[in-house]
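Taking it in order: structure first as C-alpha cells, then the write-up.
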Amino acid sequence: MRLPAARLPDPPGRFAVIADIHGNADALAAVLAEIDREGLRFVVNLGDHLSGPLDPAGTAELLLARPEMVCIRGNHDRYLLENPLDQMSATDRVSREALDVAAMGWLRALPVTAWLGDYVYLCHARPAQDDAYLMEVIDGEGVAERPAEAVSADLDGIDAGLVLCGHSHLQRAMEVGGRLAVNPGSVGCPAYSDDTPTPHAVETGSPEAKWAVVARSREGWGVEFRSTRYDAARMVAMARAYGREDWARAVRTGWIRG
C-alpha cells in the first residue's frame, strides 16, 4: 500500500530539486541563493527539513518564507510530529525543542507524497515507506546501488516519467521501467550513521550542499547534479554546542567515521 499522495499542478519544464536539509540553515541559504541566481522559480523539496542539531529554527524560517516551494514530509518530519519527546532520538529531541508552533504547524500540513500533474511523482524514500532506501541497499557497513529490478518493483503502478526521492543523502539517477528516478542528494547532512535496519554509514566525502536540476526534453526527463560550497563554520559550532561532534565532523568534512 502506498502512502497518501497530494495532487498538485503540472511543474515547469525545468526546476530545482532539494532534499534532506536536516536543520542546516546555512547550507539551505546558499543553495537557495544559487537557485535564485539561475532563475529557477519552481523548487521541489523532498523532506527531512528540520531534524538536526544545527539550526532547525533558522531553517524553518527560510522555508516558511517560501510558500511557493513544493514540500513533502520525510521520516524525521514524521518523528517530530508523532513521537513523544521522551521517545525521540537525541537529534530529533533537540530539533523539536527548538521549533515553534508555526514551524510545527507547517510540518503537519505537508503531504507525505505528491503528484505534480500526471507524470512527476514525489516521495521521500519509497512510495509505500518513508524510511527505506529506494535506490540503495545496505552492503556491510555502507551502502551500494540497489538492483534496478528491485527499484522497479517498488515503483510498480507509478505511471510517472520522473520519480523524485531523497532519504539516502546520495545523488543518484536510475532509469527503471521507462521512468527516471532521481535523488538530488542532501542539502545539509553529507554523512550520517544509522542502526536501522542494520548498522551502516552513508558518507559523501564532501561537505558541499547537494541538489539537482531536472529538465524535460523531447527525449524525456534529464538531471544535472549540483554541489554548492558554503561556510559551514556556524553549523559546526552549533553542532558542538549541542555536544554532537559526529555532526560537526560530518558537516565539516562529509565523513562520519574517524
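The values are calculated or read from the model by the stated rules, or taken from the named source; none is laboratory data. Because the structure is predicted, anything quoted here is derived from the model rather than measured. Ideal geometry is used to build each Cβ from the backbone, glycine not excepted, and the neighbour counts take in all protein chains shown. To get the accessible areas, we keep the full protein, side chains included, count just its heavy atoms, and leave off ligands, DNA and RNA. Shrake-Rupley method; radii C 1.70, N 1.55, O 1.52, S 1.80 Å.
Brief remarks on what is shown
- Within the stretch 160-203, the percentage of alpha carbon pairs spaced more than 14 angstrom apart rounds to 54%.
- Note on exposure: Y230, Y121, Y242 ranked by accessible area (1.4 Å probe, complete protein assembly) read Y242, Y230, Y121, with the most exposed listed first.
- Helix-only mean residue ellipticity at 222 nm for the chain, each DSSP H run of n ≥ 4 adding -39500 (n - 2.57), per residue, nearest 500: -8000 deg cm²/dmol
- Taking a point 7 Å out from the Cα of D131 in the direction of its Cβ, the residues of the stretch 191-226 whose backbone N falls within less than 13 Å of it are 194-198.
- Restricting attention to the stretch 121-204, close to 75% of DSSP beta bridges with both partner residues there are antiparallel.
- nm² value of the averaged projected area, convex hull over the Cα atoms of the stretch 1-83: 6.4 nm²
- A Förster radius of 30 Å, combined with the Cβ-Cβ distance separating D231 from A148, puts the computed FRET efficiency at roughly 0.20.
- Residue-level accessible surface for V251, protein heavy atoms, 1.4 Å, Å²: 0 Å²
- Rolling a 1.4 Å probe over the protein heavy atoms leaves S193 with an accessible area of roughly 80 Å².
- Protein accessible area in the chain, 1.4 Å probe - carbon and sulfur %: 50 percent
- Calculated accessible area for the chain comes out at 43 Å² per residue, all protein chains present (probe 1.4 Å; ligands, DNA, RNA ignored).
- For the chain, relative contact order (Cα pairs under 8 Å, six or more residues apart, normalised by length) works out to 22 percent.
- The equivalent ellipsoid of the stretch 120-201 has semi-axes of 21, 13, 11 Å, largest first, where each one is the square root of 5 times an eigenvalue of the Cα gyration tensor.
- Dimensions of the chain from C-alpha coordinates, computed as largest minus smallest value along each principal axis and given longest first, are 50, 41, 35 Å.
- Calculated FRET efficiency for the pair A102/E68, C-beta based, R₀ 22 Å, to 0.05: 0.80
- Built amide H within the under 5 Å cut-off of Q129, gap 5+: L3
- Interatomic Cα distance distribution for the stretch 214-258, bins of 10 angstrom, percent: 25, 32, 17, 18, 9, 0
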